[in-house]
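Structure first, commentary second.
The values are calculated or read from the model by the stated rules, or taken from the named source; none is laboratory data. What you see is a predicted model, and the numbers here were worked out from it, not measured in a lab. All Cβ positions, even for glycine, are placed from backbone atoms using ideal geometry, and neighbour counts span all protein chains on display. Note: accessible area is taken over every heavy atom of the protein model, side chains too, but ligands, DNA and RNA are not part of it. Shrake-Rupley method; radii C 1.70, N 1.55, O 1.52, S 1.80 Å.
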2 protein chains.
Amino acid sequence: MPKVVDHEERRRNIAEAVYRLIGANGMDAVSLRDVAQEAGVSMGAVQHYFKTKDDMLLFALGYMRERVLPRLQSALDKLPDPTTRERTRAAITLMLPLDKQSTQEATVNIAFFANSFGNKETQAKLREGYRALYEASRQSLKDAAESGELRSIEDVDQAAAELFYLVQGLIGPTLIGAMSKKEAVTVVDNKLDALFR
Amino acid sequence: MPKVVDHEERRRNIAEAVYRLIGANGMDAVSLRDVAQEAGVSMGAVQHYFKTKDDMLLFALGYMRERVLPRLQSALDKLPDPTTRERTRAAITLMLPLDKQSTQEATVNIAFFANSFGNKETQAKLREGYRALYEASRQSLKDAAESGELRSIEDVDQAAAELFYLVQGLIGPTLIGAMSKKEAVTVVDNKLDALFR
DNA sequence: GCTATTACAATACAAATGTATTGCAAAAAT
DNA sequence: ATTTTTGCAATACATTTGTATTGTAATAGC
């Protein structure tokens, strides 16, 4: 029998191929054959690791979240003793499609969004992801309020919602060029100015 | 030869079928055969009115904008002498997926968004639509500032961007249930409270 | 009345797709 | 040393898809 390999690694490699294809041409470009080619394996190998195409896509969606955290951590490690504002800005910068990788991620996210209209499992996973992200973001702002980093904000929940969903709203239009990256960052920075001391 | 019919009407009927299919199952459900069936015509008829599937989708995207305006007008007609705030709220209420039709429209919009990653024409049309909508919204808020309807806002452009993209950001998560409709409306109303006298 | 045109309808066709199956060689287990 | 297991690879198959083509009957134009 062949050398035993790391299944999770193989699956991740395939997921990365999925992201590249979506990022370049959208979800329609994700056929098993295309994924296999992009991943540098045979279609039989793809089928070895994923029972169905849906399995593969669902895995890819879940894995995407996993791989963002190290990137965020890495960005934070570059900031010496960051304030909440700086950490918040770093996180937002990762979410907005400002560089190649974030652009890919934003594209993939929207593609899965659209895909979720015909797929309950995908939609559940997205919902769960959104809630977790929003809650973390809200809690972070709440902590900042308690430690006096915010200006006098009456309603921290409202402020948290405004910031979070403002960023969500900027992603799509920035992706398609309805808004420039610079403008998007300016809007966010102005908002942060209004929130933080 | 058969009785001459209204081409545009036929095309619109087909576009409506496209929306229904997307709304129910996402863009993957939009095959020519499915559209024909949903529209109550033969596939030959669909091909008679649209040379290619892409033509059909592009038309559907364009037509969607056209058909929103009468709905907005109708909502405004129900308001006796509306303030800018009331008009703004009416428009936002139409954009958020609060009722069946708005939900369908939001779904279709995201579907086209995702579809645009593999289609330059679709993306251009979306971009154009976003820009027009944003500009109208920004101008409306600017007018309100000049006529004294707003609180003292330092930067009306920033305020306009915040309101517009906050709403954009609420659509997706509301659609998938990551956020409740009630919460979304509350966030918007609070934002309007902060902007308008 | 005759001809041209139109609105469909039906069908063909090539290509693409996901699922399923079989095969093989090398490593792991005994 | 033998058997079992594993990671692929290759292929088959049924289904679906968009594009293309042909046909027909009824209306419009002259």
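Of all residues in the range B:68-121, which are touching a Pro at 6+ places or on another chain (Cβ under 9 Å), among the small types (Gly, Ala, Ser) and more than 17 Å from residue B:18 (Cβ to Cβ)? Within the range B:68-121, just B:90 meets the criteria. Within the range A:27-56, being aliphatic (A, V, I, L, M) and either within 8 Å of DNA strand C (Cβ to nearest atom) or not in a loop (DSSP other than H, G, I, E, B) (or both) holds for A:27, A:29, A:30, A:32, A:35, A:36, A:39, A:43, A:45, A:46, A:56. All but one of (1) in a helix (DSSP H, G or I); (2) at pLDDT below 95; (3) within 10 Å of DNA strand C (Cβ to nearest atom) hold for residue A:24, so report the exception by its number. Unmet condition: (3).
Of everything in the range B:110-152 that's away from every other protein chain (no Cβ under 12 Å) and among the hydrophobic types (A, V, I, L, M, F, W, C), which residue is nearest to the chain's Cα centre (by Cα)? Filtering the range B:110-152 for residues that are away from every other protein chain (no Cβ under 12 Å) and among the hydrophobic types (A, V, I, L, M, F, W, C), the one nearest to the chain's Cα centre (by Cα) comes out as B:136.
Go through (1) more than 10 Å from every other protein chain (Cβ to nearest Cβ); (2) in a helix (DSSP H, G or I); (3) under 21 Å from residue A:70 (Cβ atoms); (4) of a type outside the set (D, E, K, R) and name the single condition residue A:107 misses. That leaves (1) as the condition not met. For beta carbons closer than 9 Å, sequence separation of 6+ or different chains, a first residue in the range A:35-56 that is away from DNA strand D (no atom under 13 Å from the Cβ) and a second that is open to solvent by 40 Å² or more (accessible area, probe 1.4 Å) and among the basic types (Lys, Arg), the qualifying pairs are A:56/A:11. Tally time: how many residues in the range B:112-136 are buried (at least 20 other Cβ atoms within 10 Å of the Cβ), closer than 20 Å to residue B:165 by Cβ and in contact (Cβ under 8 Å) with a residue 12 or more places away in the chain? Going through the range B:112-136 one residue at a time, the tally reaches 4. Please find, within the range B:175-186, the residue that is farthest from residue B:110 (Cα to Cα) out of those that are open to solvent by 10 Å² or more (accessible area, probe 1.4 Å) and part of a helix (DSSP H, G or I). Result: B:186.
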